[in-house]
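Can you read through this structure? Questions will come right after.
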Amino acid sequence: LRRVADLRAAASKPLLRFLAAHAADPAEAARLRHLSSRAGKEEYAAHVVAAGRGAAELLQEMPSLSPPLGGLLELLPRLAPRYYTISSSPSLDRTTLHLTVKVLREPFRDAPHRTKLGVCSTQLEAAAAGRSVVAFVRRSSFRLPCDGATPVVMVGPGTGIAPFRAFLQEMRVAAAEGRGRTGPTRLYFGCRHARGDYLYEDELAAALEGKLLGTLRCAFSRDGARKVYVQDLLREDGREVWSLLGCRGGHLYICGGTAMGREVVLALQRTAVEHGKLSEAEAAAFVSRMEGEGRLVKELWS
C-alpha cells in the first residue's frame with residue numbers, strides 16, 4: 001500500500017462499485033452506486049475526478065466500508081513514479097545527487113475549495129535527514145555539446161532550472177581543468193517574484209561573474225506592470241537568438257511546464273520567420289530539423 005498502490009488517485013467506477021458491495025450502511029452503498037452509474041456521470045466527474053477523491057479518502061468518509069484487501073488491491077491503480085530532473089553534476093561530486101522540487105500543495109483546478117497534495121513532493125518535504133527513499137536514475141537526454149565552441153541557449157523557469165544548474169557545475173569543473181567552453185551561453189530563467197522565488201540566485205550571479213554564463217535573462221512575471229515570461233524575452237532577443245541557433249548551429253534546451261515549452265518553440269519559430277526570413281512552413285521544418293539533429297532538447301511536464 002505504501003509503495004505500489006495509489007490511494008490518492010481519483011477512484012474509478014469499478015472501484016466505487018466494489019466498495020458499494022462492501023458497505024454496511026445502505027445509504028453509503030447507494031451513494032457509491034449512484035456515483036458509478038450513468039445517471040451519476042456528472043456528479044462523479046465533479047465529486048471524484050475533478051476533486052481528486054481517491055480510495056483513502058472514500059474509506060475515511062464512509063466508515064461502514066470494509067472491503068477485502070485482495071480485491072481492493074486489484075482495483076487500485078499502480079503508483080506511478082515521479083520523475084525529477086537532477087540538478088547537480090557528477091563531474092563536481094559523484095557522491096551526492098541534488099533535486100530541485102516544488103512541494104505541490106495547491107487548489108485543484110476544477111475544485112478550488114479542495115487542496116491537491118503532491119504524492120512524492122510532500123513525502124520528500126517530510127523526510128528527515130538520513131532517511132532512505134525508493135529512487136532510481138534514468139539516463140538523461142540533457143548533454144552539453146561536445147564542441148565547446150557551440151552556442152548554448154537554456155530556458156528553465158521555476159524548477160526547470162534544475163538541469164542548467166547541473167550544466168553550470170559541469171562547466172565550472174571543465175573550466176578549472178582548462179577545458180572551458182568558448183561558445184556563447186545564455187540562460188533564460190523565470191519565476192513570479194524576484195524576492196522569494198529566485199532559485200539559485202547567488203549561484204547564477206557567480207556563474208555570470210565567472211564568465212561561465214555570457215547572458216542571464218530573468219522574467220519575473222508578477223513584479224512589473226505587465227506579466228513577462230521567458231518566451232517574451234526570447235522574442236525580444238530574437239536577433240541574437242537567431243544568430244546563435246540559426247546561423248551558428250547552437251543548441252536549445254528547454255525544461256519546465258508543457259505550456260511554457262510550447263510557447264518557447266512558437267517563439268523560436270516566430271524568430272526564424274522574422275530574423276531568418278523563413279516562411280512559416282520553413283520555420284516549422286527548421287524546428288523539426290533541430291530536434292532531429294539533437295540541437296533542440298526538451299524535458300517538459302504538465
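Starting from the residue with the highest accessible area, list LEU72, LEU7 in decreasing order, probe 1.4 Å.
Numbers: LEU72 15, LEU7 50 Å².
Ranking LEU72, LEU7 by accessible area, largest first, yields LEU7, LEU72.
Explain nothing, just the number: relative contact order of the chain, from Cα pairs under 8 Å at least 6 residues apart, as a whole percent. Walk me through the intermediate numbers first.
On the way: 446 pairs, mean separation 41.0, N = 302.
Relative CO of the chain lands at 14 percent.
Please report the carbon-and-sulfur percent of the accessible area for region 1-109; probe 1.4 Å, protein heavy atoms only, DNA, RNA and ligands left out.
Solvent-exposed carbon and sulfur of region 1-109 make up 55 percent of the total.
Let me ask another. Take the solvent-accessible surface of the protein heavy atoms, probe 1.4 Å, and return the percent of it on region 112-156 that carbon and sulfur atoms account for.
Taking all protein chains in place, region 112-156 shows 54 percent carbon and sulfur surface.
Within the chain, what percent of beta bridges assigned by DSSP are antiparallel, to the nearest 5?
25
Keeping the other protein chains in place, figure out the carbon and sulfur percent of the accessible area of region 214-298, with a 1.4 Å probe.
On the way: 1990 of 4080 Å².
Ligands and nucleic acids excluded, carbon and sulfur reach 49 percent.
Peptides 126-132, 189-195, 228-234, 157-163: what's the order by average Cβ count within 10 Å, highest mean first?
Per-residue Cβ counts within 10 Å, averaged per peptide and sorted highest first, yield 157-163, 228-234, 189-195, 126-132.
Order the peptides 271-282, 136-147 from the highest to the lowest mean number of other Cβ atoms within 10 Å of their residues.
Going from most to least packed, we get 271-282, 136-147.
Which of LEU208, LEU244, LEU69 moves the most in a Gaussian network model of the chain with Cα springs under 10 Å?
The residue that fluctuates most here is LEU69.
Now a separate question. Please list the helices of the chain that count as membrane-span-like by this rule: a mean Kyte-Doolittle hydropathy of at least -0.5 together with Cα atoms stretching 15 Å or more along the helix axis, each helix being a complete DSSP H run.
162-176, 258-274, 280-292
Which of GLU61, GLU240, GLU291 moves most in a GNM of the chain, Cα contacts under 10 Å?
GLU61
Compute the distance from the alpha-carbon center of region 256-271 to that of region 42-75, in whole Å.
Spelled out, the Cα-based centre of one part sits 39 Å from the other.
Find the accessible area per residue for the chain; the probe is 1.4 Å, ligands and nucleic acids are left out, and the unit is Å².
That works out to 57 Å² per residue.
How do ARG53, ARG109 stack up against each other in accessible area, from largest to smallest, with a 1.4 angstrom probe?
ARG109, ARG53
Right, another one. Before rounding to the nearest 500, sum -39500 (n - 2.57) across all DSSP H runs of length at least 4 in the chain and divide by the residue total; then give [θ] at 222 nm in deg cm²/dmol.
-10500 deg cm²/dmol
Over all directions, how big on average is the projection of the convex hull of the alpha-carbon atoms in the chain, in square nanometres?
Over all viewing directions, the chain projects a mean Cα-hull area of 20.2 nm².
Sorted by accessible area with a 1.4 angstrom probe, largest first, how do HIS251, HIS22 fall?
Listed by decreasing accessible area, they come as HIS22, HIS251.
Cross-link partners among lysines for LYS211, C-alpha distance below 28 Å, same-chain residues fewer than 8 apart left out?
Filter leaves LYS298.
Can you list the lysines whose alpha carbon is less than 28 Å from that of LYS41, not counting same-chain residues fewer than 8 positions off?
Cα-Cα hits under 28 Å: LYS13, LYS116.
Using Cα pairs under 8 angstrom and six or more residues apart, how large is the relative contact order of region 200-259, in percent?
Value for region 200-259: 14 percent.
The values are calculated or read from the model by the stated rules, or taken from the named source; none is laboratory data. Just so it is clear, the structure is predicted and the values come from calculations on it, not from any experiment. Please note: Cβ atoms are built from the backbone with ideal geometry, for glycine as well, and neighbour counts cover all protein chains shown. The protein model used for the area step is the full one, side chains on, heavy atoms only, and it has no ligands, DNA or RNA in it. Shrake-Rupley method; radii C 1.70, N 1.55, O 1.52, S 1.80 Å.
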